[in-house]
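The values are calculated or read from the model by the stated rules, or taken from the named source; none is laboratory data. Since this is a predicted model, take the numbers as computed values, not measurements. Because the Cβ atoms are built from the backbone with ideal geometry, glycine has one as well, and the counts that use them run over all protein chains shown. Please note that ligands, DNA and RNA were not included when accessible areas were found on the heavy atoms of the full protein model with its side chains. Shrake-Rupley method; radii C 1.70, N 1.55, O 1.52, S 1.80 Å.
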Amino acid sequence: MQENRPSPGGFPGFAPVMTLVETLSTAFGPSGFEDEVRRRILDAVHDLDVHTVVDVLGNLSVALNPGTDFTVMLDAHMDEVGLMISGVEPEGILRFALLGGWDPRVLPAHQVELRSTREQVVMGVIGVTPPHLQSPEDQKKAYAVEHLAIDLGCSDSAEVESLGIRMGAPGVLTAPFLRLHNGVVSGKALDDRVGCALLVALVRHFARFPVDFTLVANFSVKEEIGARGAATAAYRIRPDLAFAVEGTTGDTPGVPPASQSCFLGKGPAITLADKTILVKPSLVEALSREAQLLGIPFQYKRPLTGGTDAGPIHLSRAGVLTAVIGVPCRYLHSPVSAMLEEDVFHTFRLLLRLVEQARSIGTLCAP
């Protein structure tokens with residue numbers, strides 16, 4: 001199935017995708033504060049003849065050929081797991097709450113980027129007690145979020161206030177975008193900035209090679225705190241067919257193969273079921289068949305783990321035929337993740353094909 005497949009560098013339309021993944025990965029965008037990500041996406045499509053909408057929640061929808069009898073919705077979420085300042089102590093130390101599904105054990109000893117009331121960057125660190133100042137019992141315990149604090153280097157709360165940092169200020173853990181060996185890239189927020197980059201690439205492609213239906217790329221907000229943006233966007237867009245494009249949990253060293261959701265290097269992961277959706281079997285079969293026809297490697301994500309924007313999308317109005325395609329991504333919901341460029345490439349190829357065949361897929365999978 002992998003013989004004679006085109007390479008990422010030789011496939012028209014793909015080349016800018018990884019550059020855009022890097023651009024979006026480094027953007028600041030915890031749940032509810034996706035403005036910078038949205039601006040970068042708008043910059044990436046500003047030269048196209050598209051119809052854009054930013055709704056009251058902050059979702060960005062980019063539509064091609066609006067107003068036809070058939071609408072396809074592509075969805076990827078802009079937000080990343082982050083944090084919010086929950087209190088400022090007199091000595092200038094900040095307490096915080098979590099935005100999204102962090103494992104608190106990974107938070108200590110990381111650099112933090114906050115945004116002030118003036119939209120300026122303020123850097124800090126999540127401090128830890130040195131081991132030689134801890135008791136043997138404490139060394140065996142994981143830190144609880146309520147015991148962690150952010151240090152800006154300020155001497156008191158007045159100085160914190162002067163920086164424009166107060167209760168409610170958002171933050172993310174920082175990490176550079178790196179190119180590792182064998183086509184593996186690493187950075188923060190690859191879930192789901194890779195999906196956003198793929199949607200931009202698809203919009204740019206179909207702006208040049210139009211389809212005979214309405215295609216809407218929706219860049220949603222607040223997925224990490226309950227897939228809230230996609231719910232309202234789907235209601236507004238009224239799609240007949242939808243594809244949620246995600247960074248999904250890849251293989252992790254030390255985890256038994258039987259417990260892995262999917263694997264790097266085996267292509268896009270097609271969801272059968274997760275905690276929010278049971279994908280219609282005929283739709284799964286249609287996606288699998290299209291991948292096989294093009295010789296695109298693919299895999300099925302291990303069922304009943306996680307959830308995506310597909311949950312609220314497929315329940316919108318009277319129901320929407322919805323599938324989930326994921327790029328395998330290691331170390332999700334941590335300060336840094338890793339994925340394989342070739343998997344991104346094959347996901348792009350599969351999505352390209354699915355959009356081209358959307359009408360026939362919709363007809364085939366209709367009741």
Legend entry - Flag for Glu119 being over 30 Å from Pro210 (Cβ atoms), more than 21 Å from the chain's Cα centre (by Cα), among the acidic types (Asp, Glu) and not in a helix (DSSP H, G or I): yes
Inset, instruction - Can you work out which of the residues in segment 215-252 that are in a helix (DSSP H, G or I), touching a helix residue (DSSP H, G or I) at 6+ places or on another chain (Cβ under 7 Å) and not aliphatic (A, V, I, L, M) is least open to solvent (accessible area, probe 1.4 Å)? - result: Gly229
Inset, instruction - Quick one: in segment 253-272, of everything that is within 26 Å of Val320 (Cα to Cα) and either assigned to a loop (DSSP other than H, G, I, E, B) or modelled with pLDDT under 95 (or both), which residue is nearest to the chain's Cα centre (by Cα)? - result: Pro268
Inset, instruction - Sort out for me the strands (runs of 3 or more DSSP E) sitting completely within segment 10-82 that have 2 or more residues that are within 29 Å of Met123 (Cβ to Cβ) and touching an Asp or Glu at 6+ places or on another chain (Cβ under 6 Å). - result: 71-77
Legend entry - Hits in segment 291-337 (condition: modelled with pLDDT of 95 or more, part of a helix (DSSP H, G or I) and open to solvent by 40 Å² or more (accessible area, probe 1.4 Å)): Gln292, Leu293, His314
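The rows are residues; the columns are (1) open to solvent by 10 Å² or more (accessible area, probe 1.4 Å); (2) touching a strand residue (DSSP E or B) at 6+ places or on another chain (Cβ under 7 Å); (3) within 20 Å of Pro170 (Cβ to Cβ); (4) charged (D, E, K, R).
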| position | (1), (2), (3), (4) |
| --- | --- |
| Ala27 | no, no, yes, no |
| Ile41 | no, yes, yes, no |
| Thr52 | yes, yes, no, no |
| Leu83 | no, yes, yes, no |
| Ile93 | yes, yes, yes, no |
Inset, instruction - Check Val279 against each of (1) open to solvent by 40 Å² or more (accessible area, probe 1.4 Å); (2) farther than 18 Å from Leu199 by Cβ and name the one condition it does not meet. - result: (1)
Inset, instruction - For segment 43-74, name all the residues that are hydroxyl-bearing (Ser, Thr, Tyr) and either in contact (Cβ under 8 Å) with a residue 40 or more places away in the chain or touching a Pro at 6+ places or on another chain (Cβ under 9 Å) (or both). - result: Ser61, Thr68, Thr71
Legend entry - Candidate set from segment 353-367 (those that are assigned to a helix (DSSP H, G or I) and free of Cβ contacts under 8 Å to residues at least 12 places away in the same chain); member that is farthest from Lys280 (Cα to Cα): Ser360
